[in-house]
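The values are calculated or read from the model by the stated rules, or taken from the named source; none is laboratory data. As the structure is a computational prediction, the values presented were derived from the model and not from experiment. Cβ placement follows ideal geometry from the backbone for every residue including glycine, while neighbour counts extend to all protein chains displayed.
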Amino acid sequence: KERFAGEEIEGYSADLQVNLDMLNTACGPNTFVMHPLPRDSRPGANDLSADLNLDPRLAIFRQTDNGIPVRMAVFAVLLGVENQIQRSLRDATWKAPQFVGPHDAEFHGLRGA
């Protein structure tokens, strides 16, 4: 809802919400659910359902982790300096997750207001 102004949201229903039942019915085990964030968890938001939080196909937290290096690579190409990167490479200071799947990133539930 946060991306719509005024009456634009009218006509969109909860049928458009991505939830676990829809994912299990329409998608296979190799599906990844991505989202541009921020995730709107307010009731009636018709966004990603909270029942996806522990599903290994939900990749939004891994997606945000990879966002910075991907943007850096895009900027390097756009600026024409991608050939200079090899000289300045150093080990990353962040650690890779121990595994990918449920509980690969801490998730703190949202409390209602």
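Here's a check for you: in the range 43-81, which residue that is farther than 12 Å from Gln17 by Cβ and touching an Asp or Glu at 6+ places or on another chain (Cβ under 9 Å) is surrounded by the most Cβ atoms within 10 Å (Cβ to Cβ)? Top of the filtered list is Arg62. Would it be correct to say that Arg71 is among the basic types (Lys, Arg) and modelled with pLDDT of 85 or more? Considered against the rule, which asks whether it is among the basic types (Lys, Arg) and modelled with pLDDT of 85 or more, Arg71 comes out as yes. Count of the range 82-113 residues, restricted to those that are modelled with pLDDT of 65 or more and either loosely packed, with under 10 Cβ neighbours inside 10 Å or among the polar types (S, T, N, Q) (or both), is 16. For the range 17-34, a tally of residues being under 20 Å from Asp65 (Cβ atoms) and in contact with an Asp or Glu (Cβ under 8 Å, 6 or more places away or on another chain) returns 1. Among the residues of the range 51-93, the ones that are of a type in the set (Ser, Thr, Tyr) and within 30 Å of Gly28 (Cβ to Cβ) come to 1 in all.
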